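Report on the structure given below.
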Amino acid sequence: MQPFPFRLLPDSAEIVDDRLHIGGCDVLELAAEFGTPLFVYDEQHLRDRCREAVSVFGDGVAYATKAFLCSAMAKLAHEEGMHLDVATGGELHVALSAGVPADRIVLHGNNKSPRELAMAIDAGIGRIVVDSFDELDRLDAVHAQTGASPKVLLRLTPGVKAETHDYIATGQDDSKFGFTVSNGTAATAIERARSSDSVELMGVHAHIGSQVFVVSSFAKAAAVIAEAAAPYDLPEMSVGGGLGVPYVADERAPSITEWGTAVLDACRAAGVTVSVSAEPGRSIAAAAAITLYEVGTVKRIPDVRTYVSVDGGMSDNPRPVLYGSGYEAFLPRAVDADRPEVVTVVGKHCESGDVLVRDAAVPADLAVGDILGTAVTGAYGHSMGSNYNKVLRPPVVFARDGDARLVVRRESFEDLTRLDL
């Protein structure tokens, strides 16, 4: 097998004295200092992707916080000129606590509670993306009590089936999200919102799914919602997010610039003259990070399989279990080494399905005690993590210019009982 595909590592990755460095920091030293499992982010990589998104889409572009959110990430995205897209009251709380102005935040969600809506409106949220008639009813109730009329977008379902896993496809008609264009529901919703005193309708929004590589799918969705909104002369349109990233050697994906250019070209071709925004998340954060583990057990079953067990698993990266997602593995002490042995990297949880990398190519001298890394883990690892089996969630480190700063500490055993009564 060929050496690990270096292009999957964060931008600042380099080999110094045969050891992997990220952000100018020796990752093996980081593992020794902060322990494993450990998320290591290239801070400059995050900043550069935010800047790229702003360069393409302008001031209205929002970082989709569901991909990866902590206080430091919220501050970083805001510092680099992005709005923040949140989907729950919890994400809103983190963004506000990090000092992000409420008018730079967009609230999503297919089932926002009255409490979440009130929280957002009280804070002075920039936009609410309305997802249903029931939500319009709730906003009517808030208006009756407070007189508030928040600025909103309506989420439309364009009937575009993205080429991605069914669980993360959202733009097809059979979706829990949004007002369907094809059956006239979207037009009804737009008419209601335009005539309502409870909201100020600013525009429309669509999101077709996540981990989408085919740019034409975004262009098609943009054309559909542009046509649906055209009769109403609304000033704003959001094409959502969902741009895919490569996780394994044989995958390729458009850059944020390539994606944005194609989407904006499609909007212009459809006659769109209003402000067009987007909500990238995965494409900002995913490739910015690696996860480091320590190998604890190597179990060789002749003529069957070799299992390499590490000290994390589905609690810090549930994507392989949920979606069958693929990853590559490497040894930071020997990133450029040949990888002739194929193993299955598994976690420490009480599940046979607790698999991180099904067929991982690794160096032949991999052994107990080695630090093993997986790349492109900056999105939907930390954010989807859990305490299954009461495993402690890992810390997060931002590395930049030779300095590593802890931005999320490792959980303690005391944290596991902190909420118990």
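The values are calculated or read from the model by the stated rules, or taken from the named source; none is laboratory data. Predicted, not measured: the structure shown is a model, and the values here were computed from it. Note that each Cβ is placed from the backbone with ideal geometry, even for glycine, and that neighbours are counted across all protein chains shown.
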Just to be sure, is Ala337 surrounded by 22 or more Cβ atoms within 10 Å (Cβ to Cβ) and either outside any loop (DSSP other than H, G, I, E, B) or out of contact with any Gly (no Cβ under 9 Å at 6 or more places or on another chain) (or both)? no
Which residue, of Leu96, Leu84, Leu92, is in contact with a Leu (Cβ under 7 Å, 6 or more places away or on another chain) and either at pLDDT below 95 or farther than 14 Å from Val407 by Cβ (or both)? Leu92
Mind counting the residues in the range 235-281 that are at pLDDT 90 or above, of a type in the set (D, E, K, R) and either in contact with a Phe, Trp or Tyr (Cβ under 7 Å, 6 or more places away or on another chain) or under 14 Å from Val56 (Cα atoms) (or both)? 2
Taking Glu411 and the conditions (1) part of a loop (DSSP other than H, G, I, E, B); (2) in contact (Cβ under 8 Å) with a residue 40 or more places away in the chain; (3) surrounded by 12 or more Cβ atoms within 10 Å (Cβ to Cβ), which numbered condition does it fall short on, given that it satisfies the others? (2)
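So if I check each of Val362, Val396, Val345, Val321, which one is within 30 Å of Ala98 (Cα to Cα) and among the aliphatic types (A, V, I, L, M)?
On inspection, the qualifying residue turns out to be Val396.
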Among the residues of the range 379-398, how many are crowded, with 19+ Cβ neighbours inside 10 Å and more than 19 Å from Lys348 (Cα to Cα)? 5
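I need the helices (runs of 4 or more DSSP H) fully contained in the range 208-301, keeping only those with at least 3 residues that are closer than 28 Å to Met314 by Cα.
282-285
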